[in-house]
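*Asks:* Structure incoming, see below.
The values are calculated or read from the model by the stated rules, or taken from the named source; none is laboratory data. Treat the numbers as computed from the prediction; the structure is a model and nothing was measured. Reconstructed Cβ throughout: ideal geometry from the backbone, glycine too, with neighbour counts over all protein chains shown. The area values use the complete protein model at the heavy-atom level, side chains included, leaving out ligands, DNA and RNA. Shrake-Rupley method; radii C 1.70, N 1.55, O 1.52, S 1.80 Å.
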Amino acid sequence: METEGRADESSSSQRDPPQNTGSYEDSQPAEKSVPIEEAIVVDRKAIEKLTEGLLSHYLPDLYSSKQALLELNQNQVILLDTLDQEVTKFRECNSLLDLNSLFTEAKFYHGKLVNIRKDMIMLHEKTTKLKKRALKLQQQRQKEVMEKEQQREKELERERQLIAKPAQRT
């Protein structure tokens, strides 16, 4: 095969004119140019075959690399979405912890309010009992004062009756 490629090269070098290879001599100014000793002439068919061989050798790997990169990119997108969901869950957990602390605090203060209400009810009952007792005591004292007054009046009446009355002469 190499001999055929060389034979093709030699036959094409006779047919095709030399191509511009973009040599160093063409791209540099004339004063700094280095002369090329011989020009390389390559057949178009050989270039095409070499290109096809090179492409057929590297393209499958490039396609598989491209597929791997696409799959990696998709996996990264999925991973980013998953991480975003996890971050959202952590934020919700933090907000739930805040809510839990608020509920705990509310429960604590509710307990305090219940105790205050019980105390107020108890104090109301005690004041009501004390008022009733005070009223009874006041009524009892008034009764006692009245009884003493009546007793005194009775005694005064009795003393009046006991005082000697002059007898009337008839």
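*Asks:* Let me confirm something: among 92, 38, which residue is modelled with pLDDT under 90, of a type in the set (D, E, K, R) and surrounded by 10 or more Cβ atoms within 10 Å (Cβ to Cβ)?
*Replies:* Testing whether each residue is modelled with pLDDT under 90, of a type in the set (D, E, K, R) and surrounded by 10 or more Cβ atoms within 10 Å (Cβ to Cβ) leaves just 92.
*Asks:* Condition (residue is among the polar types (S, T, N, Q) and modelled with pLDDT of 85 or more) applied to segment 2-11: is it met by at least one residue?
*Replies:* The answer is no; no qualifying residue exists.
*Asks:* State whether the residues of segment 150-163 include one that is of a type in the set (A, V, I, L, M), open to solvent by 90 Å² or more (accessible area, probe 1.4 Å) and outside any helix (DSSP H, G or I).
*Replies:* Among the residues of segment 150-163, at least one is of a type in the set (A, V, I, L, M), open to solvent by 90 Å² or more (accessible area, probe 1.4 Å) and outside any helix (DSSP H, G or I), which makes the answer yes.
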